[in-house]
1. Pairs K25/K48; K41/K143; K25/K138; K31/K143; K25/K143: which exceed 31 Å Cα-Cα?
2. Subtract the Cα-Cα distance of A22 and K41 from 0.36 nm times their separation in residues, and report this length gain in nm to one decimal.
3. To the nearest 0.05, what FRET efficiency results for L13 and L127 with a Förster distance of 30 Å applied to their C-beta separation?
4. Within segment 27-81, which trypsin sites (Lys or Arg not before Pro) sit in a loop by DSSP and count at most 11 neighbouring Cβ atoms inside 10 Å?
5. How far, in nm, would the chain grow between E6 and K64 when pulled straight, counting 0.36 nm per residue and subtracting the alpha carbon separation?
6. Each label point is 7 Å from the Cα along the Cα-to-Cβ direction; what then is the distance between the points at S56 and D81, in nm?
7. Over segment 2-137, what is the relative contact order in percent, taking alpha-carbon pairs closer than 8 angstrom and at least six residues apart?
8. Quick check for me: using +1 on Lys/Arg Cβ and -1 on Asp/Glu Cβ, what's the dipole size of segment 2-137 about its Cα centre, in debye to the nearest 20?
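Bear in mind these aren't lab numbers, they're just calculated from the coordinates by the rules spelled out. Given the structure is predicted, the values throughout are model-derived calculations rather than measurements. Using ideal geometry, Cβ is built from the backbone for each residue, glycine included, and neighbour counts are taken over all protein chains shown.
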Amino acid sequence: MKIRIEDIPPSGLSLDIEESGAALKEFAGGKLDLDFSTPVKAHLEVSKRGQSVFVSGDIKAGIKVECSRCLNEFEYPYASDFASYYELGREPEREKELKPEDMDVNFIAGDTLDTSEVLLGQIALELPMQPLCRADCKGLCPKCGADLNLGECGCGGEDKTDPRLAKLKEFKP
Ligand SMILES: [Zn+2]
Ligand SMILES: [Zn+2]
């Protein structure tokens, strides 16, 4: 959804939006390497102060990701509270007064703010680099590649004795 900056009233806007994964992918122009398993839902508070547009709120979505240990695909329940600044039509200035650390400054080239940009920018920032299907995921056997969540593979590759410890044991009196 597009918000014309000049249409933001002094009291601000409060929005509940829902955007489909397909619409977000289209907005990203095919550059988005993410699969959404649910529409992206968000509550946004949008306000304007001079040349700055301030957006805060929360975003929720189900995103299909691959577990970094067992490589199985699962739905990651994305949820984030955020606050961002958007600056109107200006290049970044180096000598700028400090802003609260948890805010990111973005720049709006035209006269409209697209909520797809807000959602994508936020999701890209906070997606885990190494997602786990569950905290105690056992991963794959390093020898035969079997999914150890399904049980022991029996290939004999999971010998847990550290060879250095085995050496130490030999020195025991
Ligand atoms: Zn896993
Ligand atoms: Zn194995």
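1. Values: K25/K48 28 Å; K41/K143 42 Å; K25/K138 33 Å; K31/K143 35 Å; K25/K143 38 Å.
Among K25/K48; K41/K143; K25/K138; K31/K143; K25/K143, the Cα-Cα distance tops 31 Å for K41/K143; K25/K138; K31/K143; K25/K143.
2. On the way: separation 19, 0.36 × 19 = 6.84 nm, distance 1.36 nm.
Here the answer is 5.5 nm.
3. On the way: r = 27 Å, r/R0 = 0.88.
According to the calculation, E is roughly 0.70.
4. Working: sites: K31, K41, K48, R49, K60, K64, R69; in loops: K31, R69.
Here the trypsin sites (Lys or Arg not before Pro) that fit, given the DSSP loop and packing criteria, are K31.
5. Working: separation 58, 0.36 × 58 = 20.88 nm, distance 3.69 nm.
Gain in length upon complete extension: 17.2 nm.
6. With each label placed 7 Å out from Cα toward Cβ, I get 0.9 nm.
7. Numbers: 239 pairs, mean separation 32.7, N = 136.
This gives 24 percent for segment 2-137.
8. On the way: 15 positive and 27 negative charges, 14 e Å.
It works out to roughly 60 debye.
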